[in-house]
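Novice: Please find one structure pasted underneath; my questions will follow.
Where a number appears in this text, it was derived from the coordinates with a stated rule and is not lab data. None of these values were measured; they are calculated from a predicted model. Please note: Cβ atoms are built from the backbone with ideal geometry, for glycine as well, and neighbour counts cover all protein chains shown.
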Amino acid sequence: MLKDLIYVIPKEKHSEKNLNEILTAHPEIKFVSLIAIDMAGNATDEKIPISLFLDDITGFLKGTIQTDGSSVVLPGIATLNNAKVDMLADLDVNWFIEYNNENLDPLTEKPIGTLRIPCFLYHQNLPVDSRHLLKSSVQYLKTTLADLFKKYPESLSNFGIKYDDIESITATCATELEFWVKTPNDKARVEELSTSQVLQEQYWSKIHGCVKTSLEQSLSLMETYGLEPEMGHKEVGGVKAKLNESGDLTHIMEQLEIDWKYSTALQAADNELLAKSIVKEVFRNNGLDVIFLAKPIDGVAGSGEHTHLSIALKLKNGERINLFAPPIKHFLSIFGYASVMGILKNYEIINPFVSSTNDSLRRLKPGFEAPICIVTSIGNSVDIPSRNRTVLIGVIRDNKNPLSTRFELRSPNPHTNTYIIVSALFQAMLDGIKYAVTSGKTEDDLLAELSKKPGEKADYLETSRAYRSEDDVFEDFTDQERQEYFGKAPNTVYENLSALNKYSDKKEVLLQGDVFNDKIINSFILGMITKWIVEINNRIIPNYIEEIRSCKMLHSADNALDLDVANWMKVNGLRHYLLKDSYSNQSLFTKIKNATEKNDYAEVSDLQIELDEKIDELRESYSTYKKNLLDI
């Protein structure tokens, strides 16, 4: 019976006639859910009876469905006194059917299905959602490139083609998904996890038990949905599980990665949303928790979601050309070099959309292969492509397959809003391309500028900075050198978001073509600032309070050495500094609370930096104190 289920309604079948026929033939599909993505990356989800959809297909497809703006993150746009938001179905991407295997239809004995329809959000007849941003940026990319090709035909000469040879331009994207898997209610053993990571005991090792079953089922289901999975494997994080008396694995704590095939930009972002849903549900059905946080465990590798980008031309003769692949002997084409340069030059105004949460910035620290520097690597040799895993943007090349040439942005994480960052990346790439094409730059010119040393003047890139390194940026540079050459990484969400106002000239790149606008950007900032403040005060500080109170004196006076007493005094001093108020002194927690009440976000940011430093110091001091005790 299950083989009769349908999982995808392709975009070619989105007419009223086809939908009526398909849904009537599959009565197990009982619900419709309109999926919109707000500025925070949250996906709407609801259960609308399929009968209502069939009775008013025209209304659903043409945008008469409404929602309350308070249910989505659109601050400064959908206000309490003007909250109506319209939902318009996207007819140009695939629609998926999600099945609930725990709820069978009594008539068909098949699992109940929900048709998930991606859509756009409109407020006062203007689009206000993340999906529409990406759609607009792709359209602007295509029209701008077409105009450049037509006006500057010499830019295509190395490819041996003319403007009239081009049938279409396609912007492609792919993401990878890293995540942690654990047995519910098991606590992380940080030191054991950290040791296993340093020894690389888990990376690409064999998968066992219910984790193996879950991964295989996830890959199979992804294939059923047409996502074309390419690989699933262990990542660097994790420890060996234990067997209980029944022979089942317990104390599971593993990091995995799943990759699948690229697609057009908007479809790729939708596919990622589906992949996350599949993974979470399949692993849950096997009794496992899935964690998509960027840094679920301090001191252990976080989870990234590398984002791959490329641009292709389809010619009228059927041939496909990768616009980044060099038609002559070079690392990249003019368009490839220019795109990398555009992203690097403007990354300060891209980064706020990439890392907009406390969790995401905790991942971006030296020592965990996490990209913290605005720098690229393109390889040591044109003939032998190489990979540098310490840079922000990697260039992936295969001399035998030019169509695979692409960029890999290594900073996103599983909670990054892919729709927004890909939009911002395309805008930045166009900025670099317009510079290169209109100024008549050659591949040699652009390679020289990309490879410039700090202090060397350039026509496009900034004089004080370097943008390319084939070295290990963590091991071969000091902290000061990294900051001078490649820019200072933001420490807090507030610092990162402030870049959107600090770099007003670079922000103009986002506004080109009316893709982004000030209202959308300010809404994003407001939403993320609110989330940052609420999380600090209502989640981070309460968790720290619990941790501080668990740091108790463990020695007794009759068997303690003077070193034990000194170690404890240091621990207790930190506990008081962080948590304990007196008539004459406020604790660090109280200072943060007071700064929050004053809306002094700059002070909250500074205090958060101090808080993180003090918590790290407390953890290290308490560990030192415990390790010197014979009896606990």
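Novice: Which shape class, rounded, prolate or oblate, goes with region 393-474 when its Cα gyration tensor gives a ≥ b ≥ c as root eigenvalues, a/c under 1.5 marks rounded, and past that a/b bigger than b/c marks prolate?
Specialist: Here region 393-474 falls in the rounded category.
Novice: Please work out the C-alpha center-to-center distance from region 475-494 to region 554-600 and express it in whole Å.
Specialist: Cα centres, region 475-494 to region 554-600: 31 Å.
Novice: What residues have an amide H closer than 5 Å to that of V8, excluding those fewer than 5 places away on the same chain, when H is modeled at 1.01 Å from N in the peptide plane?
Specialist: I97
Novice: Check F120: other-chain or 5+ apart residues with amide H under 5 Å from its amide H, H built from backbone geometry?
Specialist: The list, which skips near neighbours in sequence, is L88, A89, D90.
Novice: Further, regarding this structure: Assuming 0.36 nm per residue, please report the length gained on full extension of the stretch D92 to D505 beyond their Cα-Cα distance.
Specialist: This chain segment gains 145.3 nm when fully extended.
Novice: Sticking with this one: Suppose a student asked you for the relative contact order of region 2-128, using Cα pairs under 8 Å spaced at least 6 residues apart; what percent would you report?
Specialist: Averaging sequence separation for qualifying contacts and normalising by length gives 31 percent for region 2-128.
Novice: Hey, what did the chain get for relative contact order, percent, Cα under 8 Å, at least 6 apart?
Specialist: 12
Novice: If packing is taken as the average number of other Cβ atoms within 10 Å across a peptide's residues, how do 513-525, 381-393 rank, most packed first?
Specialist: 513-525, 381-393
Novice: Pulled fully out, how much extra length does the chain show between Y577 and L107, if you take 0.36 nm times their separation in residues and subtract their Cα-Cα distance?
Specialist: Full extension of this stretch gives 162.7 nm more.
Novice: Something else: Take each complete run of DSSP H in the chain, measure how far its Cα atoms stretch along the helix's own axis, and keep only those covering 24 Å or more with mean Kyte-Doolittle hydropathy at least 1.0; list them.
Specialist: 418-438
Novice: Would you work out which of W568, L88, I632 lies farthest towards the positive end of the dipole of the chain, given +1 charges on the beta-carbon of Lys and Arg and -1 on that of Asp and Glu, about the Cα centre?
Specialist: L88
Novice: Give me the percent relative contact order of region 506-631, please, defined on Cα pairs under 8 angstrom at least 6 residues apart.
Specialist: 25
Novice: Here's another thing I want to ask about it. Take the alpha-carbon centre of region 113-127, take the same for region 391-461, and report the distance between them in whole Å.
Specialist: Between the Cα centre of region 113-127 and that of region 391-461, the gap is 32 Å.
Novice: Starting from the Cα of K314, step 7 Å along the direction of its Cβ; do the same at E462; then give the gap between the two resulting points in nm.
Specialist: 4.0
Novice: For each of H233, H308, count neighbouring Cβ atoms within 10 Å of the residue's Cβ, then give the residues from fewest to most.
Specialist: Fewest to most other Cβ atoms nearby, the residues stand as H233, H308.
Novice: Given labels modelled 7 Å from the Cα in the Cβ direction, how far is it in nm from R549 to L563?
Specialist: Those two pseudo-labels are separated by 3.3 nm.
Novice: Suppose every K and R has +1 on its Cβ and every D and E has -1 on its Cβ; what is the size of the dipole of region 103-150 about the Cα centre, in Debye to the nearest 20?
Specialist: 240
Novice: Under a point spin-label approximation (7 Å from Cα along Cα-to-Cβ), what is the T478-L80 distance to one decimal in nm?
Specialist: Reported label-point gap for T478 and L80 is 5.4 nm.
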